[in-house]
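Notes follow once the structure below has been shown.
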Amino acid sequence: MTIESGTFLTYLPRKYYNSLESAIRQRMQLTRREASDPNGNLKVCYLSRGTYIDAPIVTLHLVGGDLRLRAQKTFIQVANNIYCLGIVPHDDVIVILGSFAQRNLLVGFDLREKSVSFQPMTCGIPR
């Protein structure tokens, strides 16, 4: 997996993405909507009943642990009450964890142990 602060969306290899999209479509209780996306990436969009979207948690199974991503890290508000899945397919074999999914996560890099850790936190609140 690549942890990419310069890439907004999260990219999954197509075969994993297809499974994820299918599971999300089955579990969502909201109305599907088309969204205006100039890049054509955001295809799985829903009309929310308010300022929050009720969506399933997406879990990335990584070596050494799981990374659970709640709706606030996987669905992007693109218009009034319209949210789109911010995880998209690509034809590479690696997962790219984009900056949107990294919001409010403390990402630790241990170069000696060659490991990465994730700690949920609330960023942007003055101390």
Single residue of region 45-77 satisfying the filter (in contact with a Phe, Trp or Tyr (Cβ under 9 Å, 6 or more places away or on another chain) and of a type in the set (Val, Ile, Thr)) that is modelled with the lowest pLDDT: Ile53
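Yes or no, residue by residue, for (1) touching a Pro at 6+ places or on another chain (Cβ under 9 Å); (2) surrounded by 15 or more Cβ atoms within 10 Å (Cβ to Cβ); (3) under 20 Å from Arg103 (Cα atoms):
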residue	(1), (2), (3)
Gly6	no, no, yes
Ala23	yes, no, no
Gln26	no, no, no
Pro38	no, no, no
Leu42	no, yes, yes
Ser48	no, yes, no
Gly64	no, no, no
Count - residues of region 5-57 that are farther than 16 Å from His90 by Cβ, outside any loop (DSSP other than H, G, I, E, B) and in contact (Cβ under 8 Å) with a residue 12 or more places away in the chain: 9
Long-range neighbours under 7 Å by Cβ, at least six apart or interchain, first residue farther than 16 Å from Val44 by Cβ within region 75-103, second crowded, with 21+ Cβ neighbours inside 10 Å and β-branched (Val, Ile, Thr): Ile96/Thr10; Leu97/Thr10
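Suppose the filter is surrounded by 20 or more Cβ atoms within 10 Å (Cβ to Cβ), within 17 Å of the chain's Cα centre (by Cα) and touching a residue at least 24 places away in the same chain (Cβ under 8 Å); does Leu60 pass it?
No: the conditions fail for Leu60.
The values are calculated or read from the model by the stated rules, or taken from the named source; none is laboratory data. Computed from a predicted structure; not experimentally measured. Neighbour counts are summed over all protein chains in view; Cβ atoms, including those assigned to glycine, are modelled from backbone coordinates with ideal geometry.
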